[in-house]
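Everything on this sheet refers to the single structure shown next.
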Amino acid sequence: MNDFIEIIEKIQRHQRIDTQEAGRLMAEADLLTLGHLANARRRHLHPEPVVTYVIDRNINYTNICLSGCRFCAFFKAPGQDGGYVITREELAEKIQETLDLGGTQILLQGGMHPDLDLAFYKDMLQFIKNRFGIHIHGFSPPEIHFMAEKSNLSVSDTIQRLKQAGLDSIPGGGARFCATTSVPKFPPINAVQMNGWR
Ligand code: SF4
């Protein structure tokens, strides 16, 4: 227990904790303690009392996904009724509606569609950037990992190509990496292994 308190004190002294200490906190600290420590860290890094936000819209460009995460009520398996890929017209309409309401960003998120290749994603980004002045936040890490594997590219090269086509930033949502040493209780088929995100 003492070394557990020492970990907390180390954070309160604004010292960096190592992987083992972080793991111990995750396993043993209650949620309120974790929240308190995270907030103290945030205030230390950003003491000015300013919180910013953007007005954005989630656009799901496809719901077809090979992954089959057991918790997901959004996806349709390839060939299943209700699967879609939105058209360019639908995409443009959704972005225009966002801009008309004062939005400045869209979040593009879909599934791991077996028939969409990197060219599709680059075309979609270029289409948006050529027509709209809007920040594109997009693609979960598993989507990018999937694109990289399909294109025989590294994750870093894939991100580079997406950025060149217009991608501005990537969300953290969906970053469910599986440590290679642990077996998740409800594993998605396509969770990214730790050594796969390079
Ligand atoms: S990868 Fe995303 S869209 Fe696909 S099944 Fe999992 S949560 Fe759903």
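The values are calculated or read from the model by the stated rules, or taken from the named source; none is laboratory data. Everything numeric here is computed off the predicted structure, so don't read it as measured data. So basically every Cβ, Gly included, is an ideal-geometry build from the backbone, and we count neighbours across all protein chains shown. To get the accessible areas, we keep the full protein, side chains included, count just its heavy atoms, and leave off ligands, DNA and RNA. Shrake-Rupley method; radii C 1.70, N 1.55, O 1.52, S 1.80 Å.
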- Task: Report the residue, chosen from Y61, Y53, Y84, that carries the largest GNM mean-square fluctuation when the chain is represented by alpha-carbon nodes joined by springs under 10 Å.
- Result: Y53
- Item | Distance from the stretch 55-91 to the stretch 130-165 (C-alpha centre basis), Å | 17
- Skip the ligands, DNA and RNA, and give the accessible area per residue of the chain with a 1.4 Å probe, whole Å². 62
- Message: If I take R0 = 30 Å and measure r between the Cβ atoms of Q80 and Q126 in this structure, what FRET efficiency does the formula 1/(1 + (r/R0)^6) give, to the nearest 0.05?
- Response: 0.50
- Task: Roll a 1.4 Å probe over the protein heavy atoms and report the accessible area of L116 in Å², nearest 10.
- Result: 20
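Mean separation of Cα pairs under 8 Å and 6+ residues apart, divided by the residue count of the stretch 1-156: what relative contact order is that in percent?
Details: 152 pairs, mean separation 31.3, N = 156.
Reported relative contact order: 20 percent.
When the solvent-accessible surface of protein heavy atoms is calculated with a 1.4 angstrom probe, in what order do V50, V85 fall, highest first?
Working: V50 95, V85 55 Å².
If we order V50, V85 from most to least accessible, we get V50, V85.
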- Enter the accessible area of H36 (Å², nearest 10), with the probe set to 1.4 Å and all protein chains included. 120
- Note on the structure: The answer for I64, listing residues at least 5 apart or on another chain whose modeled amide H is closer than 5 Å to its amide H, is K76, Y84, G111
- Task: Hey, can you grab everything whose amide H is under 5 Å from the amide H of R57? Only 5+ residues off in sequence or another chain; H modelled, so Pro and N-termini drop out.
- Result: Q105, I106, L107
